[in-house]
Amino acid sequence: MSAPTSELRQPLVLGNPPYHQITDEVLRPMEQWPSKLWWGTFAVTATWLVLGLVAIAWQQYEGMGTWGLNKTIGWGFDITNFVFWVGIGHAGTLISAILFLFRQKWRTSINRSAEAMTLFAVICAALFPLIHMGRPWFGAIWFLPYPNLRGPLWTNFRSPLIWDFFAISTYFTISAVFWFVGLVPDLATVRDRAKHPIRKIVYGALSLGWSGSNKHWVHYETVYMLLAGLSTPLVLSVHTIVSTDFATSVIPGWHATIFPPYFVAGAIFSGFAMVLTLLIIARKVLHIEHLITMKHLENMCLIITATGMMVGLAYATEFLVSWYGGSNYEGFCFYNRATGPMAWSYWIMVSCNVISPQVFWFKKMRTSIPVMFVMSLVVNVGMWFERFVIIVTSLHRDYLPSSWAMYSPTWVEYITLLGTFGLFFSAFLLFTRVLPAIAIAEVKSIKKFAHKGAHGHAEPAADHGGGVPALHHAPAAPHQGV
Amino acid sequence: MSAPAAAQPSRFLVAYFLDDDGILAATKASRGAGLPIFDCFTPFPVHGLDAAQGLKRSFLTYVCFGLALLGFLISLFMQSYTQAIETPLWSGWPLIVGGKPFLPLTSFVPVLFEMSVLFAGVGTALALFATCGLYPGKKPRFSLPGTTDDRFALVLDPAAAGFDEGKARDLCQRHGAAEISWIEAN
């Protein structure tokens, strides 16, 4: 086939590998014994997880007094971590749903692992409110409306905390469904290659007897699009509702109408940084650099810069409104945030989230793996501090100077945070072992994109008349495989 | 759907292709030549194959809308009932919270939205599996080697009107079939 090559659009899969090679390369990591590197990393993350479990057990045994909270600062690490982890999850849904609806084909190599990340991040997030209850086994009883003998006394649907419960549980369920529906065709591929009888049974059951029938694909594609369409407003609603936990209160520094868009932008910002961290490692360890290409990483860097500036705009707007609004308390809160005893956390936040992502304006920076990797960590530190700043600095100096206090987290809180990182990374490492980390069917379907199909899409510079494929470029690209 | 009718033939003619363009062209040509297409089996959804095969749009969009509406109504009922409404059949328990109204519809919006999405998403996925007859433990009807990997199979129905083996073989070969063979259905 004489495949015309467009130099305007970089290929999404380098080298135009045969279909079978894509299957092989994606499934190889799960069909062979894991490497020493995998075991080493897993040993470390599993240790964090175990430490975290010990800390959680201690909190349950001893009570919430093991935290460094006091009368003034009633929310500290717990809600900071909760909002942080929920935010991490948002990039997964953005990549899998929103970019799908916008026909951003570059999403196909990274959506599976980003969705996995979403699920694990939401589990990490959900842990904190559960622990915070003190008696987590009552969690469902307190939140779910069910007929009871207390009057009947029902949950209060006018409370944002109840909205949050519904938002997070719906988000987790729908993300899991979306993920599973996407996995079914790939699980069938795993089933058909399986040699071990147990593997055949397990993947046979999970793939639900998928055969690749086009009569099924018709329904499948429709449902996949519907789920993407449902997930898109869902993901925006989740962080909006999380932000109402704060915005509907009357605490200066929380009581702001800008919170919903501000939180959603921040969530996407931190989530993309986490996807970047994971994928930079995963593509190297799993040897899939030609499937997750520099273009993917570069696009993510651009999104990080864009959302980073949105977050920066929100920080500035908060200050402007606190001045323009004329409320003394509001004004003091922000003055104290930037210059008070916790100013260090504020300036960490600003330098990590607003200033440092500006390096991605330079192509050299956003195509350099070490720079990207460091930046992805910096952004996540910054976004963790953003939540810390919003929660703790707003609380620590309230209306009554006699009740002003400082917050010093205890070892229990630090270890619990470490434990959630252990849970997140251990789950992700296990995921790369037991499920295809890249959506095989989707990558196959876009393999020819840019090798063959790019001209069909709106190309700003391709208006050379006649709608002829972009043949005027010499087919010099090395990926002229067919 | 999972129980095949006794009248269904057990043998089918299958042409394997190594490329999506090949199966697309062959399917279009078969339909044009009046050959009865039973189904196509592909490792990924091939664009245009639905139309080439003469498949209709999925009806699951309507299912999705209906389920969303159901979730909306159920959560509207739950919230109004638990927060405010008293009837002879049940007694609600209006809670005074900060003097807010008992039936504030705007405060119900987040849960209304979440429940609509929850019902629609989970229900539509289940409807997909029900429509396609997919469930854990189901065996695919055909075992067509490579169709979840790198081969595209066009399955022709020999029992239907218009089937002509010679014509079918000739047509598929012209469109670059890698292999043409008979297969037994499970």
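The values are calculated or read from the model by the stated rules, or taken from the named source; none is laboratory data. Worth saying up front: this structure is predicted, and the values here are computed from it rather than measured. Glycine also receives a Cβ, built like all others from the backbone with ideal geometry; neighbour counts cover every protein chain displayed. SASA here: full protein model, heavy atoms, side chains in, ligands and nucleic acids out. Shrake-Rupley method; radii C 1.70, N 1.55, O 1.52, S 1.80 Å.
A few comments on the model shown:
- The modelled label-to-label distance for the pair residue A:250/residue A:363, using points 7 Å beyond Cα in the direction of Cβ, is 5.7 nm.
- Potential lengthening between residue B:139 and residue B:167 on full extension [0.36 nm per residue; Cα-Cα distance subtracted]: 6.9 nm
- Taking 13 Å as the straight-line reach from the Cα of residue A:71, the aspartates and glutamates in range (excluding those fewer than 8 positions away in the same chain) are A:398.
- Charge dipole (debye, nearest 20) of segment B:53-186; +1 at Cβ of Lys and Arg, -1 at Cβ of Asp and Glu: 160
- Straight Cα distances below 19 angstrom link residue A:447 to the lysines A:105, A:295, with same-chain residues fewer than 8 positions distant left out.
- The stretch between residue A:123 and residue A:225 holds 34.2 nm of extra length on full extension. This uses 0.36 nm per residue minus the Cα-Cα distance.
- Linear extension gain, residue A:323 paired with residue A:335, 0.36 nm per residue minus alpha-carbon span: 3.4 nm
- Here each label is just a point 7 Å from Cα along the line to Cβ, and for residue A:135 and residue A:156 those points are 2.0 nm apart.
- When chains B and A come together, the accessible area they lose, probed at 1.4 Å and totalled over both chains, is close to 5400 Å².
- Within a straight-line Cα-Cα reach of under 18 Å, residue B:28 can be paired with the following aspartates and glutamates, leaving aside sequence neighbours fewer than 8 residues apart in one chain: B:19, B:20, B:39, B:50, B:157, B:164, B:165, B:170.
- Check: chain A dipole with +1 on Lys, Arg Cβ and -1 on Asp, Glu Cβ, in debye: 1040
- Apportionment of accessible area to carbon and sulfur, chain B, percent (1.4 Å): 64
- Helical mean residue ellipticity (222 nm; -39500 (n - 2.57) per DSSP H run of 4+; nearest 500) of the protein assembly as shown: -19000 deg cm²/dmol
- When both segment A:367-430 and segment B:138-185 are represented by their alpha-carbon centers, they are found 58 Å apart.
- Rounded FRET efficiency, nearest 0.05, which uses the C-beta distance separating residue A:51 from residue B:57 and R0 of 60 Å: 0.65
- Label zone at residue B:183, where the point sits 7 Å out along the Cα-to-Cβ direction: segment A:181-203 residues whose backbone N lies under 18 Å: A:185-194
- For chain A, hydrophobic long helices are taken as DSSP H runs at least 27 Å long by C-alpha position along their axis with mean Kyte-Doolittle hydropathy of 1.0 or more; these are A:111-132, A:259-285, A:369-388, A:411-434.
- Estimated distance in nm for a label pair at residue A:430 and residue A:414, the labels positioned 7 Å out from Cα along Cα-to-Cβ: 2.8
- Among the chymotrypsin sites (Phe, Trp or Tyr not before Pro) found in segment A:313-395, those both in a DSSP coil and sparsely packed, with 12 or fewer other Cβ atoms within 10 Å of their Cβ, are A:362.
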